[in-house]
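The values are calculated or read from the model by the stated rules, or taken from the named source; none is laboratory data. Everything numeric in this text was worked out from a predicted model, so none of it was measured. FYI the Cβ positions are ideal-geometry reconstructions off the backbone, even for glycines, and counts take in every protein chain you see. Ligands, DNA and RNA are excluded from the accessible area calculation, which covers all protein heavy atoms including side chains. Shrake-Rupley method; radii C 1.70, N 1.55, O 1.52, S 1.80 Å.
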Amino acid sequence: IPESVYNMGLYFVYKRSNEEAKKWLTSSLDSFANVTHKPRKRLLAEINAHRLLGELYKQDYEYIVAEEYFRTGISLFQEAQAAGLKGNKDVGLLYADLGDLNYFVSSDLDEALTNYLTSIEIENDTPSIRYKIGYIQYAKKRYAEALGSFIKTYEELPFDKNVLLALGNVLT
């Protein structure tokens, strides 16, 4: 039963025992691969295992490995989405994680923007993501769109100095 192996991986993620979590989550992916019947909940757990492994490798600065896990998880989701699967917050986090690699590591702002917007569509709308979207739009000289993103961020974080400075910059 792959879910039991996956849940052991989750346990070690929450205990912050990263090496053990990697072992169990990797083992869970092998278990998921050997199962033919994949209902919605099982597919979402498999996709989330990819996200969690990617995050663990990202914490260890192994960005290429992390990106592979993120992209594989996204690919699994897109295949299942074509068959009618709806995403959840964990899938939204997966897109945001890949967006963060694009934004901070490779500086591919176009792909980061695409991933952040998809993350918002899939139940993961946070002030941090809105701020990054605003920055990307500002960098592309799309000031009205940037203003909208910064205002949305401001609604959640009205006293954040970075948000206030961003609003001031976009308004000048």
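Heavy atoms of the protein chains alone define the surface here; on that basis region 1-87 has 58 Å² accessible area per residue at 1.4 Å probe size. For chymotrypsin sites (Phe, Trp or Tyr not before Pro), the sites in region 112-172 that DSSP calls loop and that have at most 15 other Cβ atoms within 10 Å are 159. Separation of the alpha carbons by more than 30 angstrom is noted, of 22/141; 58/152; 38/132; 86/152; 58/161, for 22/141; 38/132.
With Cα atoms defining each centre, region 104-118 and region 47-73 are spaced 16 Å apart in the structure. Sorted largest first, the principal axis extents computed over the alpha-carbon atoms of region 1-96 equal 35, 28, 21 Å. Taking every C-alpha pair closer than 8 Å and separated by at least 6 residues, the mean separation divided by the residue count of the chain gives a relative contact order of 12 percent.
Within region 80-172, the percentage of alpha carbon pairs spaced more than 20 angstrom apart rounds to 38%. Computed on protein heavy atoms with a 1.4 Å probe, the accessible areas place 56, 109 in the order 109, 56, largest first. Expressed as a whole percent, the accessible surface of the chain that belongs to carbon and sulfur atoms is 54, based on a 1.4 Å probe. Taking each DSSP H run with n ≥ 4 as -39500 (n - 2.57) and averaging over every residue of the chain yields -25000 deg cm²/dmol at 222 nm. In whole angstrom, the chain maps to an equivalent ellipsoid with semi-axes of 33, 17, 14, each derived as √(5λ) from the alpha carbon gyration tensor and ordered largest first.
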